[in-house]
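Asks: A single structure is presented below for examination.
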Amino acid sequence: VSCTALPETLVESELFGFEKGAFTDAKTSKKGLIELGDGGAVYLDEVGDMKPSTQAKLLRVIEEKTFKRIGGLRDIKVDVRVIAATNRDLEEAVKSGDFREDLYYRMKVIPVYMPALNERKEDIIPLLEHFINVFSRKLRKEVKKLTPEVEKALMNYSWPGNIRELKNAVERIYILSEGDVVKLEHLPREILNATGHTMEAKTALKLPAHGISLEEVEKDFISQALKMSEGNQTKAAKLLDLSRDALRYRMQKFNIS
């Protein structure tokens, strides 16, 4: 379970489930992942972003091996192992009051520190090769090769977003580039800027003598992004550096289907 990918209100119901009638759309009762994981393990990603009320319920699961569904009155017994990950400094979060101290020490049984990607440069190329294979299969494209210049730029980049950023960069490369060779021009702008590369545009935009509407330019870019992403609005929004809602608004504005 990702504690950041879901809205706060959904994290609790996903973990602990709910009883029929607990809220407006609760037409039937539902088991949560803690209950479904009985006898096994549950992995919580970005546990440091969990809200205090959910932290309290999680602490009870770990200490007493019981919990209540949302809207429930009876205790449910579970035997589940909790594995958690976070990129936050939980000691600082405890000091600031954002994370429960008792939960922190209860979970800190076997801590494993995973160094940031910029601390383990030797993993960058193997991870790139892995994600290249992933997206070549997913997007049904040929396996791409990296030029030495591209490899050097990627090795020299600091990767503040760690593996997620690297994965997104490879996906962007696969969407934007043609052919089987990845060149510097295919890399995200922030990587080029951070590694001291400046790319000249292949073709300059020519302004017609009669002028051009900025709305026409925006509409054209949106259409191109949708075409390049094969109609996938999430990917098109990523290419345009827009939120999905912002893209949908513009599509409605310009009557783009």
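The values are calculated or read from the model by the stated rules, or taken from the named source; none is laboratory data. Please read these numbers as outputs of a predicted model, since none were measured by experiment. Methodologically, a virtual Cβ is constructed for each residue, glycine included, from the backbone with ideal geometry; neighbour enumeration extends over all protein chains shown.
Asks: Of everything in the range 235-257 that's aliphatic (A, V, I, L, M) and exposed (fewer than 14 other Cβ atoms within 10 Å of the Cβ), which residue is modelled with the lowest pLDDT? Spell out the reasoning first.
Replies: Kept after step one, since they are aliphatic (A, V, I, L, M), are these residues of the range 235-257: 236-237, 239-240, 242, 246-247, 251, 256.
Next, only the ones that are exposed (fewer than 14 other Cβ atoms within 10 Å of the Cβ) stay: 246, 256.
Numbers: ALA246: 81, ILE256: 88.
Out of the qualifying residues, it is ALA246.
Asks: Look through the range 239-257, keep the residues that are in contact (Cβ under 8 Å) with a residue 12 or more places away in the chain and closer than 16 Å to MET228 by Cα, and return whichever of them is farthest from the chain's Cα centre (by Cα). Steps first, answer last, please.
Replies: So the first thing to find is which residues in the range 239-257 are in contact (Cβ under 8 Å) with a residue 12 or more places away in the chain, and the list is 239-240, 247-248, 250-251, 254, 256.
After this cut, where a residue has to be closer than 16 Å to MET228 by Cα as well, the list is 239-240, 247, 251, 256.
Numbers: LEU239: 15, LEU240: 17, LEU247: 19, MET251: 24, ILE256: 27 Å.
Result: ILE256.
Asks: Quick one: what pairs do we get from the range 58-76, first residue hydroxyl-bearing (Ser, Thr, Tyr), second part of a helix (DSSP H, G or I), C-beta under 8 Å, 6+ apart or different chains?
Replies: Hits for this filter: THR66/ARG60.
Asks: Filter the range 102-119 down to the residues that are farther than 16 Å from THR54 by Cβ and assigned to a helix (DSSP H, G or I) and list them by number. Break it down into steps so the answer makes sense when it comes.
Replies: Initially, the range 102-119 is screened for residues farther than 16 Å from THR54 by Cβ, giving 105, 108-119.
Listed by number, the residues that qualify are TYR105, LEU117, ASN118, GLU119.
Asks: Let me spell it out: the conditions are (1) free of Cβ contacts under 8 Å to residues at least 40 places away in the same chain; (2) touching a strand residue (DSSP E or B) at 6+ places or on another chain (Cβ under 7 Å); (3) more than 25 Å from LEU176 (Cα to Cα), and VAL150 meets all of them except one. Which number is the exception?
Replies: (3)
Asks: Hey, another quick one. Out of the range 162-195, which residues are of a type in the set (Gly, Ala, Ser) and either within 25 Å of the chain's Cα centre (by Cα) or in the same structural domain as ASP241 (by TED's automatic domain parsing) (or both)?
Replies: Applying the first criterion (of a type in the set (Gly, Ala, Ser)) to the range 162-195 yields 169, 177, 179, 194.
ALA169, SER177, ALA194 - these are the residues of the range 162-195 that are of a type in the set (Gly, Ala, Ser) and either within 25 Å of the chain's Cα centre (by Cα) or in the same structural domain as ASP241 (by TED's automatic domain parsing) (or both).
Asks: Select from the range 133-179 the residues that are over 18 Å from LEU192 (Cα atoms) and of a type in the set (Ser, Thr, Tyr) and list them in ascending order.
Replies: Listed by number, the list holds a single entry, SER136.
Asks: Looking at (1) part of a loop (DSSP other than H, G, I, E, B); (2) buried (at least 17 other Cβ atoms within 10 Å of the Cβ), which is the only condition PHE131 fails?
Replies: Evaluating PHE131 over (1) part of a loop (DSSP other than H, G, I, E, B); (2) buried (at least 17 other Cβ atoms within 10 Å of the Cβ) leaves (1) as the failure.
Conditions (1) over 22 Å from ARG164 (Cβ atoms); (2) of a type in the set (Gly, Ala, Ser), marked per residue:
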| site | (1), (2) |
| --- | --- |
| LEU36 | yes, no |
| LYS57 | yes, no |
| VAL61 | yes, no |
| THR66 | yes, no |
| GLY71 | yes, yes |
| ALA85 | no, yes |
| ALA93 | no, yes |
| SER96 | yes, yes |
| MET114 | no, no |
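Asks: Suppose we filter VAL61, VAL11 for residues that are at pLDDT 95 or above, under 24 Å from GLU101 (Cα atoms) and part of a helix (DSSP H, G or I); which single one remains? Reasoning before the result, please.
Replies: Details: VAL11 fails: at pLDDT 95 or above.
None of the others qualify; the one that does is VAL61.
Asks: Which one is farthest from HIS186 (Cα to Cα) among residues in the range 123-160 that are in contact with a Ser or Thr (Cβ under 6 Å, 6 or more places away or on another chain) and of a type in the set (A, V, I, L, M, F, W, C)?
Replies: Let us first name the residues in the range 123-160 that are in contact with a Ser or Thr (Cβ under 6 Å, 6 or more places away or on another chain), namely 143, 153, 156-157.
Going one step further and asking which of them are of a type in the set (A, V, I, L, M, F, W, C), we end up with 143, 153.
Values: VAL143: 15, ALA153: 12 Å.
That would be VAL143.
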